[in-house]
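What follows is calculated from the coordinates using simple rules that are stated; it is not laboratory data. Because the structure is a prediction, the values reported are computed rather than measured.
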């Protein structure tokens, strides 16, 4: 049940990103439950997305499951990773 809540929260998180920045994100593609490709619109740099929006994106996080967003430019040439909750989950595992 908790896992389902987390997955719902992650989908809401992604929807909020797309709504907040409609000119940035083309679509999301789930590779696994924890690996999500963020396809950026034409002309949007993955470096810009990561640099300018990463802190703003992270304030939308209301789930604990670690995920990795991979930002992919429209030409498919550049790919950058953006871990979310990844380091906090490692700290939690080490404290157990």
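Working from Cα positions, state the angle (0 to 90°, nearest 10) between the long axis of helix 86-95 and the longest principal axis of the chain. For helix 86-95, the angle is close to 10 degrees. Between 0 and 90 degrees, rounded to the nearest ten: what's the tilt of helix 46-58 against the longest Cα principal axis of the chain? Between helix and principal axis, roughly 40 degrees. For the chain, the longest principal axis of the Cα atoms and the long axis of helix 2-20 meet at an angle of about 30 degrees.
Rounded to the nearest whole Å³, what is the per residue volume of the convex hull around the Cα atoms of region 1-44? Provide the component values of the computation, followed by the final result.
Values: hull volume 2.4 nm³, N = 44.
Spread over its residues, the Cα hull of region 1-44 gives 55 Å³ apiece.
Running Debye on region 2-95 with equal point scatterers at the Cα sites and no solvent, what base-10 log of I(q)/I(0) appears at q = 0.22, 0.24 Å⁻¹? Evaluating at q = 0.22, 0.24 Å⁻¹ gives log10 I(q)/I(0) of -1.16, -1.35.
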